[in-house]
Amino acid sequence: MFICPWCGTGYLAFRSNCQNCGGPLLAGGQDGTSTLPGDELPIPPAAPRPISNRYLWRLLSTDGWSIAGCVFGVLGLVFGAVGAGLSVGAHAAATALVGIPFLALGLAFLIAAGISLGWRYQEMKKVVGVLREGSPTRGRVTGVSENYSVRVNGRHPWVIGYEYQVDGTTYPGKVSTLNPPGQELQEGLPVTVLYLATHPARSSIYPHP
């Protein structure tokens, strides 16, 4: 069986990319990974890695700010539609005083949604860039927590904090996932971290949980 190292999906026959997340699979081994010397930590194939853009949307679907942006968008559409109906309907003269504030609130929600989603989309593009081009190093999990302020399909996202060193400088990082962290992602344990050589502060855990 071939196991996707990016999301854990199993396949009986080899395919170049995971159907679930778009991550690349390797024909050379059952899980497509090798290890960092001495640590037995998995590292990805050599860059550049052909990760599908669909993986970006998978990351967005577990990101708290992206989910909040979608909520703002829905609220904006609802308030905007109600406000527009009250402001331009047959009885607009009598309802405009109520409709205009609703319309303004709807526009405010839509603007907030656009800003939030645009920001997170760009941030997730950076994460995908790290997964495609990043160099591997050894890191350490610094904390694991469940984000109870966000719920996606009845589940709360998990936030995994970690740190790693590049050229003697320690950098922090964190990833969000809907999958409960396994025993290998507990506080204090070593992990493989990918980082950009040109921007060492940009990083991600490999495999991305």
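Bear in mind these aren't lab numbers, they're just calculated from the coordinates by the rules spelled out. Fair warning: this is a prediction, and the values are worked out from it, not measured in the lab. Backbone-built Cβ (ideal geometry, glycine too); neighbour counts: all protein chains shown.
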Residues with amide H under 5 Å from that of LEU41, placed H, sequence gap 5 or more: LEU36
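How would you rank TYR171, TYR55, going from fewest to most other Cβ atoms within 10 Å of each one's own Cβ?
TYR171, TYR55
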Rg/Rg_globular for segment 139-186, with Rg_globular taken as 2.2 N^0.38 Å and Rg from C-alpha atoms: 1.31
Stokes-Einstein translational diffusion, segment 64-209 - Kirkwood Rh over all Cα pairs, 1.002 mPa s, 20 °C, in µm²/s: 120 µm²/s
Paired Rg and Dmax values of segment 63-127, which use every Cα atom, in angstrom: 14.8, 51
Qualifying trypsin sites (Lys or Arg not before Pro) in segment 111-202, DSSP loop, other Cβ atoms within 10 Å at most 14: ARG151
Chymotrypsin sites (Phe, Trp or Tyr not before Pro) restricted to segment 130-205 and DSSP loop, no more than 11 other C-beta within 10 Å: TYR148
